[in-house]
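Enquirer: To start, I am sharing the structure in question, which I have written as structure tokens.
The values are calculated or read from the model by the stated rules, or taken from the named source; none is laboratory data. Owing to the predicted nature of the structure, the values given are computational and were not obtained by experimental measurement. Counting neighbours? That spans all protein chains shown, and the Cβs are built from the backbone with ideal geometry, glycine included. Surface areas here come from the heavy atoms of the whole protein model, side chains and all, with no ligands, DNA or RNA. Shrake-Rupley method; radii C 1.70, N 1.55, O 1.52, S 1.80 Å.
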Amino acid sequence: MDILLLKTLVLVSCFAGLFYYHPGLLFNWERAVYKKPNFIVILADDIGWGDLGANWDLKKGTPNLDKIAQEGMRFVDFHSAASTCSPSRASLLTGRLGLRNGVTHNFAVTSVAGLPLNETILAEVLKEAGYLTAMIGKWHLGHHGPFHPSFRGFDFYFGIPYSPDMGCTDAPGYNLPPCPACPRCSATASNPQTNCYPEVALPLFENLAIVQQPVNLTTLAAKYTEKIIHFIHYASQKGLPFFLYVALAHMHVPLVLSEPPWNQSCQDPYGTYLKEMDALVGQIKDAVDSTAKEDTFLWFTGDNGPWSEKCDYAGSVGPYTGMWQRKKGGSSAKQTTWEGGHRVPTVAYWPGKIPANVTSPVMLRPAEVVNVRTGR
Ligand SMILES: *[C@@H]1O[C@H](CO)[C@@H](O)[C@H](O)[C@H]1NC(C)=O
Ligand SMILES: *[C@@H]1O[C@H](CO)[C@@H](O)[C@H](O)[C@H]1NC(C)=O
């Protein structure tokens with residue numbers, strides 16, 4: 001029990017530590033422990049540092065996130081713990097780097113295992129502490145048997161088991177090279193592109209059940225939003241503290257827009273998709289503001305930098321272009337340890353606790369904070 005309590009404190013400090021270590025800011029630690037604040041972590045997929053209007057984007061395509069930055073704190077030197085999906089997510093949830101938690105590569109559709117079962121994740125710790133826990137979105141930490149999120153501390157799960165391009169779907173969406181939609185008849189299945197997976201249609205899970213296969217990507221964001229809002233209201237009505245982990249399908253390819261135009265007539269699919277994501281984040285904030293505004297810590301960040309191979313369908317690294325290593329075939333984006341690969345847009349919001357309109361230059365990443373506190 002003492003060990004569990006220790007782990008609770010260590011993992012919760014994954015968040016709280018952000019403020020605890022920020023010079024000039026006082027975090028009321030005791031009050032946070034006893035009052036049990038709600039935690040909402042929104043993790044965008046493949047978003048670029050430069051995609052956040054407040055950071056860089058000249059188009060200013062993220063009005064809701066910019067508003068959160070104005071009413072909260074923006075971290076300009078925040079780094080994901082890895083520059084690819086699974087390792088970054090494993091670190092976010094365990095507070096431990098890949099070399100320690102065992103997740104150093106992405107899981108595949110064919111992977112039989114996942115995040116090692118001996119690792120404790122934030123949801124388990126908070127559930128043990130009386131929290132209602134939910135995950136909505138992309139898991140990508142193992143999808144068979146005990147590796148499923150329903151066995152990793154989440155009371156409720158709704159989402160896809162891995163990336164939206166790791167299976168065929170109804171609407172192929174914008175991708176480079178494009179993948180075909182799921183074949184209507186399996187006898188005609190062929191694999192024109194090596195990076196497409198026509199054999200396995202992308203499933204959508206609600207807890208342990210597959211509720212849709214292939215996923216209709218056009219309606220996925222709306223479904224996520226509905227589940228998120230419902231959960232926030234449900235937890236508030238119950239009067240229970242909650243942990244909500246939202247791992248968005250945005251901004252990973254394929255880009256599938258919820259509103260017309262859906263097809264090639266769209267001039268700027270990435271920008272349009274970004275606005276859609278921003279609106280979704282705005283709806284989450286509105287739900288918090290109307291229910292548990294003073295008691296909720298909302299944190300938005302990214303899993304890694306943009307997937308530059310996708311060209312126009314990838315985000316912006318802002319000024320962290322790393323032009324000099326491109327001569328040797330490199331880039332500074334996802335899958336690299338150059339800055340644009342892991343420096344991610346990050347904002348935190350908690351009225352009354354986090355001062356408004358502050359930009360923090362402190363260099364941070366989720367796992368680092370925990371390791372500082374534990375000395376590991
Ligand atoms: C889980 O087991 C792996 C492999 O033995 C080890 O590397 C890792 O440190 C263990 N994790 C914990 C939390 O003990
Ligand atoms: C997916 O959802 C969209 C929007 O509701 C709808 O127009 C489309 O027919 C759906 N696709 C399938 C295969 O049901």
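Enquirer: Among the residues of region 181-204, are any within 16 Å of ligand 1 (Cβ to nearest atom) and assigned to a loop (DSSP other than H, G, I, E, B)?
Expert: For region 181-204, residues within 16 Å of ligand 1 (Cβ to nearest atom) and assigned to a loop (DSSP other than H, G, I, E, B): absent.
Enquirer: Which number in (1) in contact with a helix residue (DSSP H, G or I) (Cβ under 6 Å, 6 or more places away or on another chain); (2) closer than 24 Å to Ser236 by Cβ; (3) surrounded by fewer than 24 Cβ atoms within 10 Å (Cβ to Cβ); (4) not acidic (Asp, Glu) marks the one condition that Ala134 misses?
Expert: (3)
Enquirer: Taking only pairs six or more apart or across chains, which ones have beta-carbon atoms under 8 Å, a first residue in region 170-186 that is on the phi < 0 side of the Ramachandran plot and at pLDDT 90 or above, and a second residue that is within 16 Å of ligand 1 (Cβ to nearest atom) and open to solvent by 40 Å² or more (accessible area, probe 1.4 Å)?
Expert: none
Enquirer: Looking at region 207-228 only, could you name the residues that are more than 16 Å from ligand 2 (Cβ to nearest atom) and open to solvent by less than 40 Å² (accessible area, probe 1.4 Å)?
Expert: Residue satisfying the conditions is Ile228 alone.
Enquirer: Could you tell me whether Asp77 is charged (D, E, K, R), within 22 Å of Val347 (Cα to Cα), touching a residue at least 60 places away in the same chain (Cβ under 8 Å) and away from ligand 1 (no atom under 16 Å from the Cβ)?
Expert: The answer is yes for Asp77.
Enquirer: Tell me, which residue of region 84-101 that is of a type outside the set (S, T, N, Q) and closer than 17 Å to Ala123 by Cβ is nearest to ligand 2 (Cβ to nearest atom)?
Expert: Arg89
Enquirer: Listed residues Leu132, Leu176, Leu240; which is over 30 Å from Tyr270 (Cβ atoms), over 20 Å from the mean Cα position of the chain (by Cα) and away from ligand 1 (no atom under 16 Å from the Cβ)?
Expert: Leu240
Enquirer: Against the condition more than 15 Å from Gly305 (Cβ to Cβ), at pLDDT below 95 and surrounded by fewer than 22 Cβ atoms within 10 Å (Cβ to Cβ), how does Leu18 come out, does it pass?
Expert: When the stated conditions are applied, Leu18 does not pass them.
Enquirer: If you go through region 279-288 one residue at a time, do you hit one that is of a type outside the set (S, T, N, Q), in contact (Cβ under 8 Å) with a residue 12 or more places away in the chain and touching a Gly at 6+ places or on another chain (Cβ under 9 Å)? Before the answer, list the steps.
Expert: Looking only at region 279-288, we keep the residues that are of a type outside the set (S, T, N, Q), and these are 279-282, 284-288.
Right, trim to in contact (Cβ under 8 Å) with a residue 12 or more places away in the chain and you get 279-282, 284-285, 287-288.
So of that shortlist, the ones also touching a Gly at 6+ places or on another chain (Cβ under 9 Å) come out as none.
No, region 279-288 has no match at all.
Enquirer: How do the helices (runs of 4 or more DSSP H) wholly within region 41-126 filter down when requiring 1 or more residues that are open to solvent by 20 Å² or more (accessible area, probe 1.4 Å): which remain?
Expert: Those helices (runs of 4 or more DSSP H) span 63-71, 98-101.
Enquirer: Among what's in region 229-262 and is within 16 Å of ligand 2 (Cβ to nearest atom) and touching a strand residue (DSSP E or B) at 6+ places or on another chain (Cβ under 9 Å), pick the residue that is nearest to Asp286 (Cα to Cα).
Expert: Ala249
Yes/no per residue for (1) more than 16 Å from ligand 1 (Cβ to nearest atom); (2) modelled with pLDDT under 95; (3) hydroxyl-bearing (Ser, Thr, Tyr); (4) farther than 20 Å from Val246 by Cα:
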| residue | (1), (2), (3), (4) |
| --- | --- |
| His105 | no, no, no, yes |
| Leu117 | no, no, no, yes |
| Leu122 | no, no, no, no |
| Ile136 | yes, no, no, no |
| His140 | yes, no, no, no |
| His144 | yes, no, no, yes |
